[in-house]
Structure formats: C-alpha cells, structure tokens
Amino acid sequence: MPGTDNGEGLTLRVDTMGGVHLSRIALASGNLSYTTIGPDDRVESEMVARRISIFPADPVRTTDLRLRGGEPFVCYRNARSGRLQVSSRVNGEWTHEDAVVAPDLLDACALFWSDGELRLLFSSSRGVQEARRQIDGSWRVHDVDLTEGAGSGLGLTHFQDGRVVAAYRSGAEGHLRIATRSRNGEWATEVVEFAIPSGESIRVVSAPGGHVWIAHGVTGAQGSDAGLVLTYGIPGQFESVYLRNEYIGGSIGAARLAGQQLGVFAREMRRSAVFGDFDGLRYYASLPAFIDYRYLAQHDSDEIRHAYRNIDLSSDPFGLPVGAMVIDRSPSQGDRGGAPVCVLLPVDRDRDRLPDRVEAWLGSDPDNEDTDGD
C-alpha cells in the first residue's frame, strides 16, 4: 500500500462481499485512518480522528475494528485526551464517543455486541473491564478481571449464542488468562499456565463445536522470536501445545478458514551472531491437524532486514486467507527502507470476486470475468 510508517495499531476485517477494511495509525502525525480495498484493488482512505497518538512519548499501538450493518466501528485509546474512544461511521459521517475516561488506560480494547448493545473490553492498570453503552448513549463500566498487570494483548471471539471468550497476558508471570462471558452476561476467569512465559501477539478464534483456538507466541530474548503456542478447548478445559520452539511467534495473525481449520500467519525473526539473521513469514494452513507450513517470504542474513509486525489475518467469503501486516525494511545501499502496510489477497486475475482457487473448484475460467456469457 502507498506510504510508510502508517500501520500502527493495524486491524483487518473482511466483509461478506470480500471487501477489505483496515484501521491504522500514522506514526508521526498520530492520525487514525480507515481504509478499504475493493475488488478492483482500489484503495480508499479517510481520516477518523486526528492526533490520537503521541510519538515517541506516548504512542498508541492498538485499535480494534468491527463491522456492523456494513458500517465500521473503531475503538482506541486517545493518548492526548486520556480517553478510550469509539468512532463509528453512519451515513458517511464519523461520530466519536468517550467510552471511558481514566488516566491509567492501556493499549488494549476489543469491541463486541450483546443483546443489540455495543460493548467493549479494555485494560487499565486495574486489570480488565467491560464498558457497555446505555440506551441514553452513556457508558457504564463493569469489572471483569482485576488481577494486577493483566490485560495486555487483549483479543476476543464472539459466538452466535452470545458467549464471548477473551484472552490476554497476565503480566510479569507471562501466563495466559482467559475470561468467558456467559449468555446471561456473567464473566468467569481462569489461568492457563505454560512452562515458559508466553502470551505474545494473542489471537482468539472460534472453533467448531463451541471450542476456542488461541494462537500466541513465546516471549523471546535478544531480538529473536521464541516459539508458537496453540491453546485449545472450552472454558475450564483449556490445554496448550508448543507447536514450534523456533524463531517464530513474535507477531501472529489467525483465522478460521475453509475446512474448519485454523490458519496462521507467523513471523519468523532470528537475530544471532552465531547463526546469522533471518526474517520470514510462515503460513500454517491447517492447524491443529497439520503443523506443516510454507514460506510466503524469507530473507537470509545477506539480504536487508524485513521484520514483519502487526500481522492480522481474516478469511474471505470462501474461507481463503486475507492478511495484513507492516514490514519494517531496513535501509541499505541507497534504499531508504521504510515500514509500509502490506495486504495479501487471494489471486483473482479477472477481478470477478471469484478468486482463482474458487474458480478452479467450480471449473470456470479464471481469466474471464463473465464465464457463463450472460
């Protein structure tokens, strides 16, 4: 995508027609933008809110984007006002609401709806709380998990029956904590302990049968990533598996794909004086059944560095992966480097909204946008 250093807080959603939606923050200006990519690959961006992030003193690193009735809703911490805000676009105009006003907000929020009411989970120095928008437009806050230091990396998934499952890091211990909201609105929390600190780049995805997948990374050291963990189960019965104890997991995107499997984009980043530096982007297509992967990109020690971060993954209407990320490219030999946003889409040569892979399933012509001649 055009530009550089404009992918902080990057969040990706794909609508039922295959349209791509992004929320993102420009590093220098601190402006929050909303971007769409249509089937013709046209990129359109509009300003949501100005100067919400202060770099380098107080940068905002997280947003959450949801679509409701075809309209976008974005939550974020406004570093200048000390408020947790929700912006929504109605009839082409952006409106802004102050959901929470507090001096100790953290960069973690996630939107969902329950019984037709807009709600959000957020983190502060107190822990994790839920804010609910009332009929009169005001917001009311409820406690979810007041464990000190809990709440970083907050992510959630929402089931059709009204249940919500959220996961986040516990703090200094590096354990994964899970909060489950029942159909009647009550929250219950639990700790999923793992042998080594984890909970990096948490991604929460609904699985078949009411189960939940949580992909997250192991805490690394000295600039390298340290491994990929998959936590799976139902509330009260979660188990964790160390899938790879390699230089991966510092940035992850995850989504439920066709075939009811978990798809994962995982960064590989090695910084080693002995083994050399390496950057890569892995694609796991069928977790947890198969742990095989293929590289979407790889850069050896003799190439310029390409550090992948803020990775997000969604699925298109056919269950194919759509990814977004920031690529930190180091300067080298006249190349100024930069940090552009990159979006990976299923190949659709004739741009008829049927990806080539789907046309192969259907037996239609991927080079003819009007295969049936009507």
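The values are calculated or read from the model by the stated rules, or taken from the named source; none is laboratory data. Note that the coordinates shown come from a computational prediction; the quantities given were computed from them, not determined experimentally. Cβ placement follows ideal geometry from the backbone for every residue including glycine, while neighbour counts extend to all protein chains displayed.
Quick rundown of the values:
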item: Any hit, segment 163-183, residues being surrounded by fewer than 22 Cβ atoms within 10 Å (Cβ to Cβ), touching a Ser or Thr at 6+ places or on another chain (Cβ under 7 Å) and of a type in the set (Lys, Arg); result: yes
item: Any hit, segment 88-99, residues being closer than 24 Å to Ser201 by Cβ and assigned to a strand (DSSP E or B); result: no
item: Members of segment 261-294 found to be of a type in the set (A, V, I, L, M), surrounded by fewer than 17 Cβ atoms within 10 Å (Cβ to Cβ) and either under 18 Å from the mean Cα position of the chain (by Cα) or within 19 Å of Arg203 (Cα to Cα) (or both), listed by number; result: Ala289, Ile291
item: Hits in segment 55-71 - residues which are outside any strand (DSSP E or B) and either in contact with a helix residue (DSSP H, G or I) (Cβ under 6 Å, 6 or more places away or on another chain) or surrounded by 13 or more Cβ atoms within 10 Å (Cβ to Cβ) (or both); result: Phe55, Pro59, Val60, Arg61, Thr62
item: Some residue of segment 182-191 being under 21 Å from the mean Cα position of the chain (by Cα) and charged (D, E, K, R); result: no
item: Unique match (being under 22 Å from the mean Cα position of the chain (by Cα), more than 30 Å from Leu354 (Cβ to Cβ) and basic (Lys, Arg)) among Arg61, Arg68; result: Arg61
item: Selection count, segment 84-130, where residues are more than 15 Å from Gly153 (Cα to Cα), among the charged types (D, E, K, R), crowded, with 19+ Cβ neighbours inside 10 Å and out of contact with any His (no Cβ under 8 Å at 6 or more places or on another chain); result: 1
item: Any hit, segment 184-193, residues being in contact with a Leu (Cβ under 9 Å, 6 or more places away or on another chain) and either surrounded by fewer than 16 Cβ atoms within 10 Å (Cβ to Cβ) or closer than 24 Å to Glu268 by Cα (or both); result: yes
item: Positions within segment 327-336 being at pLDDT below 85 and not basic (Lys, Arg), in sequence order; result: Ser332, Gln333, Gly334, Asp335
item: Criterion (charged (D, E, K, R) and under 27 Å from Arg169 (Cβ atoms)) met by exactly one of Asp104, Asp115; result: Asp104
item: Of all residues in segment 155-165 being of a type outside the set (Gly, Ala, Ser) and part of a strand (DSSP E or B), the one that is nearest to Thr63 (Cα to Cα); result: Leu156
item: Scope segment 14-34; condition in a strand (DSSP E or B) and in contact with a Gly (Cβ under 9 Å, 6 or more places away or on another chain); matching residues; result: Val20, Leu22, Ser23, Arg24, Ile25, Leu32
item: Number of the exception - Ala26 against (1) modelled with pLDDT under 95; (2) of a type in the set (A, V, I, L, M, F, W, C); (3) within 26 Å of Ser330 (Cβ to Cβ); result: (1)
item: Odd one out for Phe159 among (1) within 24 Å of Ile311 (Cα to Cα); (2) modelled with pLDDT of 95 or more; result: (2)
item: Residue in segment 132-141 that is over 20 Å from the mean Cα position of the chain (by Cα) and touching a residue at least 60 places away in the same chain (Cβ under 8 Å) present; result: no
item: Residue list for segment 18-32, restricted to those being under 16 Å from Ala324 (Cβ atoms), in contact (Cβ under 8 Å) with a residue 60 or more places away in the chain and not β-branched (Val, Ile, Thr); result: Gly18, Leu22, Arg24
